[in-house]
Amino acid sequence: MTGGQDADGPRSTGEIASYHAHIYYDPATTRPEAERLRNWIGERFSVTLGRWHDVKVGPHDQAMYQVAFAREIFPEFVPWLMLNHGRLSVLVHPNTTNPRRDHLDDPIWIGPALAVRAEKLPEHAEMEPAPAPNTHPVHRP
Ligand code: ZN
């Protein structure tokens, strides 16, 4: 067996290279909340804040920005998002070598789940380690 794993056994969390949280908003109504949440995140967590996408991009069916983060950040960051997402929907997904499964089958939704366009998601990709954080936290979560 490659990787020391039984083919019928559970998957290992070692498959997870990093995580994304996609913060969705409506440019006409909830962008200010998305801006506030983004500022709060940047002040509290060592993560990588992605660009604003005010129009739909890739598999995402609503405006959003991405937050990329390392495995070690998950236990503080994801519960914090549960308490602070407000009216916004957040998709938290692992990054393994199968983006389609990561987004469609294995994610956590915080707030109402939204549509994700499967046809835009490949079934194979390279492992994606978390990029270098671009935030400078000044507060504890
Ligand atoms: Zn993603």
Check your understanding: What's the Kirkwood radius of the chain in Å, using all Cα pairs?
Key -> 15.8 Å
Exercise for review: Could you list which residues have their amide H under 5 Å from that of Val57, counting only those 5 or more apart in sequence or on another chain, with H placed in the peptide plane?
Suggested key: Gln62
Practice item. Starting at the first residue of the range 97-111, write each ³J(HN,Hα) from the Karplus equation 6.51 cos²θ - 1.76 cosθ + 1.60 with θ = phi - 60°, in whole Hz, x for Gly and Pro. Key: 8, 10, x, 5, 5, 4, 7, 9, 9, 10, x, 10, 9, 10, x
Check your understanding: How much of the accessible area of the range 1-140, probe 1.4 Å, is carbon plus sulfur, in whole percent?
Key -> 52 percent
**Study point:** Rounded to whole Hz, the Karplus (6.51, -1.76, 1.60) HN-Hα couplings of the range 25-31, x for glycine and proline
**Key:** 8, 9, x, 7, 10, 10, 4
Check your understanding: Taking only Cα atoms, what is the 0 to 90° angle, nearest 10, from helix 74-84's long axis to the longest principal axis of the chain?
Key -> 40 degrees
Study note, to complete from the structure: Whole-Å distance linking the alpha carbon centroid of the range 78-118 with that of the range 46-61 is 13 Å
Check your understanding: Per residue, how much accessible area does the chain show when a 1.4 Å probe rolls over the protein heavy atoms, in square angstrom?
Key -> 56 Å²
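The values are calculated or read from the model by the stated rules, or taken from the named source; none is laboratory data. Just so you know, these numbers come straight off a predicted model, no measurement behind them. Surface accessibility is based on the protein's heavy atoms, side chains included, excluding ligands, DNA and RNA. Shrake-Rupley method; radii C 1.70, N 1.55, O 1.52, S 1.80 Å.
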